[in-house]
Amino acid sequence: MGALRSGVVYYPILLLRWAPLTTATHTMPLFAEVTSSILLFFLVFGMSATVDIKKMKRQLRNRNALLTGISLQFIILPFIGFLVVSMLKLDAPMGITLLVITSSPGGSYSNW
């Protein structure tokens, strides 16, 4: 299973070659759609299985950590993105991309 998962991650074209079946309304092959959903399930399940409930409850009671995280994620980070776009005078596609990335809560920075 591990070899298949790593192969699909690094070479997604393998799924398209192995899965000629398509549904009537989708362009993604049925096998690829089902396989990617199953792999995503195992990824999310594996990450959630490592959560310690006692530690999670203790962190949820820590108001300073919660307020710091929320204010940084929803106020400071989007403001810094806006400042960078304004100061560098980025063109529309680059500016919008940077604003979307810095404004999405937990989007690209959640696993750092």
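Every number in this text was worked out from the coordinates using simple rules, so none of it is lab data. In this text the structure is predicted, and so the values were computed from the model without any measurement. No Cβ is skipped: glycine too gets one built from the backbone with ideal geometry, and neighbour counts run over all protein chains shown.
A compact table of results
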| quantity | calculated |
| --- | --- |
| Anisotropy class of the range 53-103 from Cα gyration tensor, a/c 1.5 cut | prolate |
| Filtered trypsin sites (Lys or Arg not before Pro), the range 26-63: DSSP coil and at most 14 other beta carbons within 10 Å | Arg61 |
| Ser86 versus Ile38: modelled label distance in nm, points set 7 Å from Cα along the beta carbon direction | 5.2 nm |
| Ile101 paired with Asn62, simple spin-label distance in nm, labels 7 Å along Cα-to-beta-carbon | 2.8 nm |
